Amino acid sequence: METTHPIYLVGGSKGGVGKSMVTLALADYLQRQGIHAVLLETDTSNPDVMKALRDEIRCAAYDLDDADGWIGFVNFCDTHRDAAVIVNTAARNQTGVARYGGTLARTLDELDRQLVVLWVINRQRDSLELLHIFGQTFPDTLTHVVRNGYFGAPDKFTLYQESQLRKAIETKGRSLDFPDLADRVADELRSQRISIRKAAEMMHIGERAELLRWRALCNAMFSKVISADGETREQ
Ligand SMILES: Nc1ncnc2c1ncn2[C@@H]1O[C@H](COP(=O)(O)OP(=O)(O)OP(=O)(O)O)[C@@H](O)[C@H]1O
Ligand SMILES: [Mg+2]
């Protein structure tokens, strides 16, 4: 049987933890692996990732704060069976996930899809508490935690390092380290609303050198959990 690509949900709930950056990097990684991917943007008030990617991949926006949005989400996954679905979530989706996330959780089998969560954290406690709550809606999901290097080196994430949650995550998933990109390059990505691929073509030589350094580290990170043929890797 042909295996379908997973749904990759980039979560983290909190504002500004780096979800959009990780989503952009993931889209770039999948494209470079030759994996057909589509984007589901759930940050309907600030669809930054969709704006950056809409010239390159198929995008749709659904608001996960209401039941309609979840229906659209499930249908979109069904329509794009041949593609990996990347979901960029918004900080405010938390209540919608708790209320309606079960709609998706119950349908994954029928869709023949695996849900893979990349949960982006900073060094604060609420990143972990929100992950715990999320896990209650999606108990069978393969979840990887992404320590965003923007907030410090891996050993600075002491709360996570010492948590029971880390042990639970690492029975199935992994703890990953998302590389820090120089501020001036990150700022340019953000203000120009461009994809990593486009940025790699357009940026000035110095910025591009930094971008390519960062991209190689992103590549190394994603290859730990997504192999070249798009299969996901468990521990
Ligand atoms: N790894 C990183 N390297 C460099 N800058 C980063 C990194 N992660 C985050 N940032 C900075 O933090 C800002 C916020 O990141 P981002 O927009 O990805 O967060 P978010 O979780 O999507 O926020 P929101 O909840 O508002 O959607 C970025 O514009 C960027 O300047
Ligand atoms: Mg965002």
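The values are calculated or read from the model by the stated rules, or taken from the named source; none is laboratory data. Note that the structure is predicted; figures quoted are calculated from it, not measured. As a convention, Cβ positions derive from the backbone with ideal geometry for all residues, glycine included, and neighbour counts pool all protein chains shown. Ligands, DNA and RNA are excluded from the accessible area calculation, which covers all protein heavy atoms including side chains. Shrake-Rupley method; radii C 1.70, N 1.55, O 1.52, S 1.80 Å.
With surrounded by 22 or more Cβ atoms within 10 Å (Cβ to Cβ) and touching a strand residue (DSSP E or B) at 6+ places or on another chain (Cβ under 7 Å) as the only criterion, which of 37, 25 stands out? Spell out how you get there, then give the answer.
Numbers: 25 fails: touching a strand residue (DSSP E or B) at 6+ places or on another chain (Cβ under 7 Å).
Checking each option against the conditions leaves just 37.
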Residue pairs qualifying under the 7 Å Cβ cut-off, at least six apart or on distinct chains, with the first in the range 83-103 being over 14 Å from residue 63 (Cβ atoms) and more than 12 Å from ligand 1 (Cβ to nearest atom) and the second being open to solvent by less than 20 Å² (accessible area, probe 1.4 Å) and among the small types (Gly, Ala, Ser), are 83/37; 84/37; 84/230; 86/27; 86/37
By my count, helices (runs of 4 or more DSSP H) wholly in the range 134-221 with at least 1 residues that are under 21 Å from residue 33 (Cβ atoms), open to solvent by 30 Å² or more (accessible area, probe 1.4 Å) and of a type outside the set (S, T, N, Q) are 196-202
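In the list 49, 10, 38, which residue meets the criterion of being in a strand (DSSP E or B) and within 13 Å of ligand 1 (Cβ to nearest atom)?
Values: 49 fails: in a strand (DSSP E or B); 38 fails: within 13 Å of ligand 1 (Cβ to nearest atom).
Exactly one of 49, 10, 38 is in a strand (DSSP E or B) and within 13 Å of ligand 1 (Cβ to nearest atom), namely 10.
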Selection from the range 68-117 of residues polar (S, T, N, Q) and within 16 Å of ligand 2 (Cβ to nearest atom) yields 88, 89, 93, 94
Contact list, first residue from the range 174-185 and more than 14 Å from residue 143 (Cα to Cα), second anywhere and assigned to a strand (DSSP E or B) and not basic (Lys, Arg), beta-carbon distance below 6 Å, six or more apart or interchain, is 178/146; 178/148
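Can you tell me which residues in the range 13-35 are in a loop (DSSP other than H, G, I, E, B) and either among the β-branched types (Val, Ile, Thr) or within 15 Å of ligand 2 (Cβ to nearest atom) (or both)? Step through it out loud before you land on a result.
First, the residues of the range 13-35 that are in a loop (DSSP other than H, G, I, E, B): 13-18, 33-35.
13, 14, 15, 16, 17, 18, 35 - these are the residues of the range 13-35 that are in a loop (DSSP other than H, G, I, E, B) and either among the β-branched types (Val, Ile, Thr) or within 15 Å of ligand 2 (Cβ to nearest atom) (or both).
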Pairing a residue in the range 104-119 that is polar (S, T, N, Q) with any residue that is open to solvent by 10 Å² or more (accessible area, probe 1.4 Å) and not in a loop (DSSP other than H, G, I, E, B), where Cβ atoms lie under 6 Å and the two sit 6 or more apart in sequence or on different chains, gives 107/74
Pairing a residue in the range 10-27 that is closer than 15 Å to residue 126 by Cβ with any residue that is of a type in the set (Phe, Trp, Tyr) and not in a helix (DSSP H, G or I), where Cβ atoms lie under 7 Å and the two sit 6 or more apart in sequence or on different chains, gives 11/119; 12/119; 18/178
Note to self: Residue under question is residue 130, and the condition is that it be in a loop (DSSP other than H, G, I, E, B), open to solvent by less than 60 Å² (accessible area, probe 1.4 Å) and under 16 Å from residue 11 (Cα atoms); does it hold?
What the structure shows: no
Considering the range 1-12, residues that are more than 16 Å from ligand 2 (Cβ to nearest atom) and not acidic (Asp, Glu), and then whichever is nearest to the chain's Cα centre (by Cα), we arrive at 7
Of 104, 111, 118, 53, the only residue that is touching a His at 6+ places or on another chain (Cβ under 9 Å) and open to solvent by less than 50 Å² (accessible area, probe 1.4 Å) is 118
